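Working notes, beginning with the structure itself.
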Amino acid sequence: MPGAPAVLRALLLCGLAAPPPARPEPLLRSRDRPALEPAPPRRAQPIADLPAAQRFLSKYGWADAPPGPRGPPAAALAQAVRRFQKVNALPASGRLDAATLAAMNRPRCGVPDTRALPPPAAPPRPKRFLPPPPPPGAPPPEVAAPRGVPRAFAKRTLSWRLLGEGASGQLAEAEQRRILRLAFRMWSEVMPLDFREDLAAPGAAVDIKLAFGRGRHLGCPRVFDGSGQEFAHAWRLGDIHFDDDEHFTPPTSDAGISLLKVAVHEIGHVLGLPHTYRAGSIMQPNYVPQEPVFELDWSDRKAIQKLYGSCEGSFDTVFDWIRKERNQHGAVRMRFSTYFFRNSWYWLYENRNNRTRYGDPIQILSGWHGIPTQHIDAFVHLWTWRRDERYFFKGNQYWRYDSDKDQAYTEDEQGNSYPKLISEGFPGIPSPLDTAFYDRRKQLIYFFKESLVFAFDVNRNQVLDSYPMKITEVFPGIEPQNHPFRNIDSAYYSYAHNSLFFFKGSAYWKVVNDKDKQQHSWLPSNGLFPKQSISERWFDICDVHASTLTV
Ligand SMILES: [Ca+2]
Ligand SMILES: [Ca+2]
Ligand SMILES: [Zn+2]
Ligand SMILES: [Zn+2]
């Protein structure tokens, strides 16, 4: 806090050393904050005059020269103001009018808007104008990678911790940690990194340390300004500090500043993202009050995936779940949802938006009742005029699922009890299976095991005479060597694409359908188009750390 009276400075330092005040009961505290707050929040000095505006412009990357006794030349200052006005959708007058000052006083992140500046056109500055070197071990918050410093984390699982001495005085500590866990999870839902809260390792071994502080805090070279204006700052591949003079609130609150939103933004910096002034982005420098649904938009996803790649991986089984819905006129409509299963969790995929449902994956255990909780081999929806049966397969058994009651049958209306042996219900079908799908037109279930496929007639309850056959005979590759050959993870009939897909590892092969045949009569029936990457057709199906599955 340069220039602060010595008395105030001493007071602040004393405040740091004083023992923390006793914590009242958290609920009462957040409801009745002003009366219980040990010290009223300091207010940030409003930016109301030229020197304050100059400090703002150089602090947040809009003006080159650090303000000297006379500040930067008037022309350079006007230029910086114009740039600032432009990105803030204000008339670019270059004058410090009331609207411009108001924009400077809006709550914002402490990381400078480096990337918002146009590339430097001016000749190199003389040496004497170079900014002073940062204090040892504490560079200013920034995201532009200096030479030789990596732009992104190299490891795939990062640890984080809310420092014990740095917890906020405003929310219960468990609530703060829950919100931070959710913030990390939101990034891991769209990128191939995951995040683990680490309460045990020595501090130096924790990748991302988070803390709340007021004014001068935690030995940080940046001083917080009191309530208003700067609400947090972060270091690329480093730590995050929140200004505890702000009124941080949980995601359910309409008031104050959403801790979740600020944390997601600052984590974006830690991961290597700069500011952007694009509406809808979480990386806008100013705080945007919470929308009803808060999530990472398309370009935030693309920006982080540019640094870390997109999510790849194999699936145990993938299927469309068909259900009948009546509209207000009583007419029946068919609706379907697409599910991707991997290990013990699953995603619902929104075909219309081409993305997973917000907040997925979730545990199989909590979304499906009475079926195995992990590593499902296959799913089949047997669907004729008379029958409507859904089966999950695992090992040598299968389960029938009651979609009305949303749980597996223990016994169905025909008196079959479940789980049942596959060899009993589907004579001639081996186990365990790789995958299966139901062909509604032919009323056949195709079961896959290793390099073989079995066509099962659901009306006669037996394998067709000519089967099993090689998968390559029934589903030949258009390019013969471009084929999964064996051990297909999932044969998935997609109603959104009216196509059958074979999934194996992180690749898929699309099977030639009627429309393809009409357009290109030379294509072999049931032929496989060359393989493609699952992640290029079904976007952002990303694992999260197991510890955050129940956040
Ligand atoms: Ca502040
Ligand atoms: Ca499978
Ligand atoms: Zn920021
Ligand atoms: Zn700090």
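The values are calculated or read from the model by the stated rules, or taken from the named source; none is laboratory data. Values in this document were obtained by computation on a predicted structure and should not be read as measured data. We place every Cβ from the backbone using ideal geometry, glycine too, and count neighbours over all the protein chains shown.
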> Would you call I488 part of a loop (DSSP other than H, G, I, E, B) and in contact with a helix residue (DSSP H, G or I) (Cβ under 6 Å, 6 or more places away or on another chain)?
Replying inline: no
> Since F224 meets every condition but one in (1) within 20 Å of F153 (Cα to Cα); (2) within 16 Å of ligand 3 (Cβ to nearest atom); (3) out of contact with any helix residue (DSSP H, G or I) (no Cβ under 9 Å at 6 or more places or on another chain), which condition does it not meet?
Replying inline: (1)
>> Looking only at region 221-241, filter to residues that are touching a Gly at 6+ places or on another chain (Cβ under 7 Å) and within 11 Å of ligand 4 (Cβ to nearest atom); which one of those is nearest to F56 (Cα to Cα)?
In response: E230
>> Name the residue that is nearest to K306 (Cα to Cα), counting only residues in region 233-277 that are in a strand (DSSP E or B) and within 11 Å of ligand 3 (Cβ to nearest atom).
In response: A234
> Do any strands (runs of 3 or more DSSP E) lying entirely in region 299-372 carry at least 1 residues that are under 21 Å from A546 (Cα atoms) and charged (D, E, K, R), and which ones are they?
Replying inline: 332-342
>> Yes or no: region 526-536 includes at least one residue that is over 29 Å from the mean Cα position of the chain (by Cα), in the same structural domain as F379 (by TED's automatic domain parsing), part of a loop (DSSP other than H, G, I, E, B) and of a type in the set (F, W, Y).
In response: yes
>> Going by what's in this entry, would G280 be described as assigned to a loop (DSSP other than H, G, I, E, B), without any contact (Cβ under 8 Å) to a residue 60 or more places away in the chain and either surrounded by fewer than 19 Cβ atoms within 10 Å (Cβ to Cβ) or within 16 Å of ligand 1 (Cβ to nearest atom) (or both)?
In response: yes
>> If the requirement is being modelled with pLDDT under 55, assigned to a loop (DSSP other than H, G, I, E, B) and of a type outside the set (V, I, T), which of these qualifies: P72, P136, P150?
In response: P136
> So which pairs qualify, if the first residue must be in region 232-259 and free of Cβ contacts under 8 Å to residues at least 60 places away in the same chain and over 24 Å from F195 (Cα atoms), the second must be outside any strand (DSSP E or B) and away from ligand 2 (no atom under 16 Å from the Cβ), the Cβ gap must be under 6 Å, and the two must be at least 6 apart or on different chains?
Replying inline: G256/H247
> Applying the selection to region 233-245, what residues are within 9 Å of ligand 1 (Cβ to nearest atom) and more than 9 Å from F212 (Cβ to Cβ)?
Replying inline: D245
> When only residues in region 392-425 that are within 16 Å of ligand 2 (Cβ to nearest atom) and aromatic (F, W, Y) count, which is surrounded by the fewest Cβ atoms within 10 Å (Cβ to Cβ)?
Replying inline: W399
> Restricting the first residue to region 208-225 and requiring it to be part of a loop (DSSP other than H, G, I, E, B), which pairs with a second residue that is among the β-branched types (V, I, T) meet a Cβ separation below 9 Å and a spacing of at least six or different chains?
Replying inline: G215/V223; R216/V223; H217/V223
>> Just to be sure I understand, how many residues within region 266-285 are within 16 Å of ligand 4 (Cβ to nearest atom) and touching a strand residue (DSSP E or B) at 6+ places or on another chain (Cβ under 6 Å)?
In response: 3
>> If the requirement is being in the same structural domain as F529 (by TED's automatic domain parsing), of a type outside the set (A, V, I, L, M, F, W, C) and over 27 Å from G313 (Cβ atoms), which of these qualifies: N487, N459, N482?
In response: N459
> List, please: which pairs have Cβ atoms under 6 Å, are six or more places apart or on different chains, and start with a residue in region 491-515 that is within 20 Å of D540 (Cα to Cα) and end with one that is in a helix (DSSP H, G or I)?
Replying inline: S506/I534; Y508/I534
> Any chance region 467-479 includes a residue that's more than 38 Å from the chain's Cα centre (by Cα), at pLDDT below 95 and more than 14 Å from ligand 2 (Cβ to nearest atom)?
Replying inline: no
>> Among the listed residues D244, D225, identify the single one that is among the charged types (D, E, K, R), surrounded by fewer than 24 Cβ atoms within 10 Å (Cβ to Cβ) and over 15 Å from R108 (Cβ atoms).
In response: D244
